Amino acid sequence: MSEAILEGMSEAILEGMSEAILEGMSEAILEGMSEAILEGVSEAILEGVSEAVLAAEEICHTYPGGVLALAGLSLTVPRGCRLAVLGANGCGKTTLFLHLNGSLQPGRGRIVVGGVPAAYDRAALTAWRGRVGLVLQDPDDQLFAATVAEDVSFGPLNLGLSVAEVRARVAEALAMVGIEALAARPTHMLSYGQKRRVTLAGVLAMRPEVILLDEPTAGLDAQGAELLLASLEALNAGGTTLVFSTHDIDFAYGWADRVAVLAGGRCLREGPPGEVLANSGLLAQAGLRRPLMVEIAEAAGLPHGGRDEILAGLADRARR
Amino acid sequence: MLATDRHAWTNRWRFIHPGEKALFVVGLLAADFALPAASVAHQVFAAAFLATVIGAKVPARAFWGVMVVPAGFLLAGLPALAVSVQLEGAGPLLSLSPEGLALAVAVQLRSLAAVACLAFLILTTPIPDLLALARRLGMPPALVELAYLMHRLVFVVLERASAARQAQEARLGYRNFKTSIRSLGLLVGGLFLRSLDRGRRLDTGLAARGYQGDLRVLSAEPELSVKRLALAVLMTVVVVASALVWP
Ligand SMILES: Nc1ncnc2c1ncn2[C@@H]1O[C@H](COP(=O)(O)OP(=O)(O)O)[C@@H](O)[C@H]1O
Ligand SMILES: [Mg+2]
């Protein structure tokens, strides 16, 4: 009997009720619910729950000689963000970046790339490095070719692209960082700032979704840093996710939309700069000071928030 | 070496196909070795010199700078060439004959002219361009890649070496002979370790860009111009003709 009942019920559902249900739902969606859903989604994005392009899950790494460089570090990189990885010298920033593109393999824990746990065979690594580009701190660790254009062509050729496509990408990448004029110059006759832009172009030419930059502004003068940041801003506006390490807290505060604070091979906190970088206890633990803007806000008796809020508050104060 | 390299990258003929320059040099060398030295060496030398200084606009000083060391070696070998040793008879006999001297001078002239041709080549063509040509002519790719990387690393190491030397000098490391020897030892030892470390890091840097054991890059290929190739041959003909007309 039970079978007959079930059949009867399912028939009833399929024939009679389903229409009513579907109609009801679609109406609800079109009229009432859609707003709620959209709100929910945008909230999720604002809260940083959006899709992660890259994540480290409790990774540990010990260098030969027994230095524990990463001690269970977890970090999620949301798509399209500008994430600053902050920390004192030796806290593990470079080691973390080497893990995020598969140059090093964690002793414990794992890396997740685009929602899939990373594999370390040759094919997987090639695909990974096509998606996640790494710009090392010292350009001489990355430049090897005789001329600028030759060097920039190296990455795209490794992706197996055609010669015509590679040529187009080299031209595009050189234009993006503003060094078209240097194309035929030998790499050993460049200034430090120029070399750094060439290494960035070499990675850009591979069109990665994520670019990891190790101390991108270290050693650059104000103008050099500005040129570099302008290129990075254009990239980020085009949807490329940027992750950069720095110990320049004012730079991170003013330029990043997310910050992660590292200390002792662990990520202490990740979040919006206005919130994370106002936390003096946390920063002291990481051996960092607070951003100048936050100090000013406090001295002026303004609530700490993001950089723009503080600036608006100060302007308001000055007007009165 | 650094000055030579700089001229190679910046001279007026930098973007002329290395094959054309090589053909010019091969033609001159062939003339130099095929004809009697006394008649052709001057012309070959002059052609190489003028091509470097007037053609490629490399300063004459740079040309002499490249010539001076090989010329010194050649001159040092002159007495050995000029003197002939006779082992028969009563003990060895050294003799200096006019013919011996003439022969020695001829060999010297020929060699100097050949060195001038090579000076032209390295002052007008960057090493990587020459390597690309060598690869095209059948040099094994692995060797070419090795030489290519070495060329790059030599400059990185030189840069480090001069920075380290400056740092040592600033701390009085080269005050006297004893400290100089010690400083130099530390410098070389340090450079060796740094070079090892650098090699390791370069490996990481290249791997991050998808390196899989093949150092391929896209070189800018200058056009091979038939006109200039013909000109290179014509130059050889002119040199040979002038050697025959004014022996
Ligand atoms: N190649 C290495 N061999 C041994 N220890 C290393 C090596 N590289 C880094 N370390 C150590 O690992 C720790 C983290 O280094 P790193 O990731 O370079 O820090 P950061 O980039 O934040 O300055 C440091 O204590 C450092 O001394
Ligand atoms: Mg570092």
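Close amide-amide hydrogen proximity is noted between A:LEU213 and A:VAL135, A:VAL243, A:PHE244, A:SER245, each under 5 Å apart and 5 or more residues distant or on a separate chain (H modeled in the peptide plane; Pro and chain starts excluded).
Distance from the C-alpha centroid of region A:133-168 to that of region B:233-247: 46 Å, rounded to the whole angstrom. A Förster distance of 51 Å, applied to the separation of the beta-carbon atoms of A:ASP221 and B:ALA30, puts the FRET efficiency at 0.40.
Kindly identify region A:49-289 as rounded, prolate or oblate by the Cα gyration tensor criterion: order the square roots of the eigenvalues as a ≥ b ≥ c, call it rounded if a/c is under 1.5, otherwise compare a/b with b/c, prolate if a/b is larger, else oblate. Taking the square roots of the gyration eigenvalues as a ≥ b ≥ c, region A:49-289 is prolate. Within 10 Å of the Cβ of each residue in B:122-132, the mean number of Cβ atoms contributed by other protein chains is 1.
Between A:ASP257 and B:LEU87, the simple spin-label model (points 7 angstrom out along Cα→Cβ) gives 8.7 nm. When region A:49-289 is described by a simple charge dipole with +1 on each Lys and Arg Cβ and -1 on each Asp and Glu Cβ, the residue from A:GLY66, A:LEU282, A:THR241 located farthest towards its positive end is A:GLY66. Pairs of lysine residues in the protein assembly as shown that meet both criteria, 8 or more places apart or on different chains and Cα atoms under 24 Å apart, total 4.
Applying the criteria of a DSSP loop state and at most 12 other Cβ atoms within 10 Å to the trypsin sites (Lys or Arg not before Pro) of region B:143-172 yields B:ARG171.
Solvent exposure of region B:138-208 amounts to 65 Å² per residue of accessible area, where only protein heavy atoms count and the probe is 1.4 Å.
Gain in length, B:ARG182 to B:LEU103, computed as 0.36 nm per residue apart minus the alpha-carbon separation, to one decimal in nm?
Value of the extension gain: 23.7 nm.
Interface size, chains B and A: roughly 3100 Å² of accessible area buried, both sides included, 1.4 Å probe, rounded to the nearest 100.
Note on region A:247-267 and region A:172-203: Cα centroid distance 27 Å, given to the nearest whole angstrom. Nonpolar atom fraction for region A:99-168, defined as the carbon and sulfur part of the 1.4 Å probe accessible area, stands at 55 percent.
Proximity of backbone amide H atoms, modeled 1.01 Å from N, is registered between A:ASP138 and no other residue at under 5 Å, excluding neighbours fewer than 5 places apart on the same chain. Dipole of the protein assembly as shown, Cα-centred, from +1 at each Lys and Arg C-beta and -1 at each Asp and Glu C-beta, to the nearest 20 debye? With Lys and Arg at +1 and Asp and Glu at -1, about 3900 debye. Measuring r between the beta carbons of B:SER95 and B:VAL245 and using R0 = 45 Å, the FRET efficiency lands at 0.80. As I understand it, the value is the acute angle between the Cα axis of helix B:98-124 and the longest principal axis of the Cα atoms of chain B; what does it come to in degrees, rounded to 10? Relative to chain B, helix B:98-124 is tipped by roughly 40 degrees.
Which net charge results when you count Lys and Arg as +1 and Asp and Glu as -1 among the other residues whose beta-carbon is under 15 Å from that of A:THR217?
Numbers: positive: A:ARG82, A:LYS93, A:LYS195, A:ARG196, A:ARG197; negative: A:ASP138, A:ASP214, A:GLU215, A:ASP221, A:GLU226, A:GLU233, A:ASP248, A:ASP250.
Counting the neighbours of A:THR217, the net charge comes to -3.
Taking every protein chain into account, the 1.4 Å probe leaves B:MET235 with about 70 Å² of accessible area, to the nearest ten. Note on B:PHE73 and A:ARG289: the model spin-label points, each 7 Å out from Cα along the C-beta direction, lie 6.0 nm apart. Since only B:LEU149, B:ALA170, B:LEU206 are under comparison, the one whose Cα sits farthest along the positive direction of the charge dipole of region B:101-214, derived from C-beta charges on Lys, Arg, Asp and Glu, is B:ALA170. The HN-Hα couplings worked out from phi for region B:37-51 by the Karplus form 6.51 cos²θ - 1.76 cosθ + 1.60 (θ = phi - 60°) are 4, 4, 8, 9, 4, 4, 5, 4, 4, 4, 4, 5, 5, 5, 4 Hz, whole numbers, x standing for Gly and Pro. Between region B:53-106 and region B:166-187, the C-alpha centres lie 38 angstrom from each other. Using a simple spin-label model with pseudo-atoms 7 Å out from Cα toward Cβ, B:LEU146 and B:ARG200 lie 2.3 nm apart.
The values are calculated or read from the model by the stated rules, or taken from the named source; none is laboratory data. Being a predicted model, the structure only gives us computed values, none of them experimental. Cβ sites come from the backbone with ideal geometry, for glycine too, and all protein chains shown count toward neighbours. Quick note on the areas: whole protein, heavy atoms, side chains included, nothing else; ligands and nucleic acids left out. Shrake-Rupley method; radii C 1.70, N 1.55, O 1.52, S 1.80 Å.
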